[in-house]
1. How do Glu126, Glu54, Glu323, Glu397 line up, fewest other C-beta atoms within 10 Å first?
2. In whole Hz, what ³J(HN,Hα) sequence does the stretch 281-291 give by Karplus (6.51, -1.76, 1.60; θ = phi - 60°), x for Gly and Pro?
3. Within 12 Å, Cβ to Cβ, of Ile150, how many net charges do the neighbouring residues add up to if Lys/Arg are +1 and Asp/Glu are -1?
4. Using Cβ contacts closer than 10 Å as the measure, can you line up His265, His432 from fewest to most?
5. Mind jotting down the distance between the C-alpha centroids of the stretch 395-445 and the stretch 27-98, whole Å?
6. If the convex hull of the alpha-carbon atoms of the chain is projected onto planes in all directions, what is the mean projected area in square nanometres?
7. Using only helices, what value at 222 nm comes out for the chain when you add -39,500 (n - 2.57) per DSSP H run of length 4 or more and divide by the total residues, to the nearest 500 deg cm²/dmol?
8. Over all pairs of distinct alpha carbons, what does the Kirkwood formula give as the hydrodynamic radius of the stretch 67-208, in Å?
Amino acid sequence: MVCRRGAGLLAFAGLWGLSGCAPDDSSTTAATGDAVCARIFSTNDTHGRLLPAEQSWSEGRLVGGSAALAAYVARERTAVPECPLFIVSGGDFMQGTLISNLTDGRATIDAMNAIGYDAVAIGNHEFDWGVDVLVERVTEADFGMLGANIFLRSTDRHPDWVRPWTIVERDGVRIGFVGMVTPSTPTITRAANVADFEFGSIAEALDRYIPVVREEGVDFVVAVMHEGAFCEADDEGNDACEGQALEALAATTRRFDYAVTGHTHSRVETDIRGVPVIQSFSNTTAYGLGRIDRDADGTVSARRLGIHRVWADEIAPDPGLVEIVASYSAELSDLMDRVVVTLPEALPAPRDGDFPLGRIVADAQRAASGADIALMNNGGIRRPLPAGPVTYSDLFELQPFGNMLIRHTMSGAQLLQTLEHSVRPSGGTDLHVSGITVRYDPAAAEGERILEVTLDDGSPVRPEGRYEVTVNDFLSTGGGGYTTFAEAEATVAVGIADLEALVAYLEAQPEPLAIPRAPRWIEAEGSRR
């Protein structure tokens, strides 16, 4: 038995037995005698990024795109010829760009087939176009789209289109991949799209299927999941890593040999009991690389080989992928390249809090719906905007989900409860607002964090008052845990998509665009936070 003790989430160190060792799965692995090795090339959260793009940190250089990514795959395939290369994704690979979304993800699947992906975890955004579309993409993929923790509601059965695991053999090396999606999918996905499913524990799915895969005689087992984590350097320069993905892996009682995560669009480089865990940012801007070895005596070891940037100007693009992407983008070029607005400055998109870009989006939705108030969730603001010309394609990537606007007649008490739910104990907030200013104390007791809400005309929001409040249909149907909209007196479909509202609003504004700098969430002086 190989004892895997050591790094990562030491609080869970006993979960593989009192000694910190995994159960002895060696009897169900491939026969020992010959040393074998494999390398793992991984991406996550590529979100339909088929074309290269500048990033806020890239200093004008183009990054990513499927043609560049394919070229890096080709280079890595030949770098260590004795170790075959396997290509995997941590999920959320289709949703997010005009070229992918207007084909319901078909363009992305074609590109991934050409790149040669072997296995991917289904991500929560794979459900964005409904199950029928997802099933179409599953049938078109030359790789396994995996969801070991996706079940038909109130059963222990997977939908017939879901594969919990797959085995890929290359150059005599067999790897079993077990894939999972974040259990939070029901609260972060449009409710109607996942109503027939339940999303179980990642750890339980791994414990259930790792033995099954090992019984098939594999050399290695790799966990591929759309669940995330974060790593930050501490004062001594060492990474401190935490997150749901690491907790799930630590709770797993069966031995795995390598893990790829996703969902948080972050850099993750850590170990769980000596087993490497990796996540490589997002949007094809980087890939992860790792290696797994089994010695002749059966001892398995693995290591991370780093996260590498996908510089589009550093490598000759793969001509086949250039042709595939061009075939899709040609008919969309006029729409993609249309300039909607010229910004006087760049507008970042932080993870939470109150910032100008979010205020603009909320203002656009209030203007389109004629409501007193509009609320916009941070999770629907998907990218920053650069200074200078902003195209329709840029705005599509900012709001790619096609959410429809819904206007609700709500009591002031319901509105206050909604705003309360938005406040994070850290001080951040999840909602952007238009039409109101909110004074709050994030350190106050739950239910008491909203101190005062004032309408733009200076009048206070009163619990007994009635207000017209517009949100997108994700929030309206309970996404993010916002349940108050279901209690509204009246609900009216505006008939306008969020992107449509934003484009119309920006085109109607005089240039240069006035940037709304004044905060709309104001933390109370003397907050105990």
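1. Values: Glu126 27, Glu54 14, Glu323 11, Glu397 22.
Sorted ascending by nearby Cβ count, the order is Glu323, Glu54, Glu397, Glu126.
2. In residue order, the calculated couplings are 6, 6, 6, 6, 7, 7, 9, x, 9, x, 9 Hz.
3. Working: positive: Arg153, Arg157, Arg163; negative: Glu126, Asp156, Asp160, Asp196, Glu198.
With Lys, Arg at +1 and Asp, Glu at -1, the neighbours total -2.
4. Working: His265 19, His432 27.
Placing the least packed residue first, the sequence is His265, His432.
5. 37 Å
6. Numbers: hull surface 102.8 nm².
Spelled out: convex hull of the Cα atoms, projected over all directions, averaged, 25.7 nm².
7. Working: 14 runs with 126 residues, N = 529.
It lands at -6500 deg cm²/dmol.
8. Values: mean 1/r = 0.0627 Å⁻¹.
The Cα-based Kirkwood calculation yields 15.9 Å.
Only the coordinates and a few stated rules stand behind these numbers; no lab work does. The shown structure was predicted, so the numbers you read here are calculated from the model rather than taken from an experiment. Counting neighbours? That spans all protein chains shown, and the Cβs are built from the backbone with ideal geometry, glycine included.
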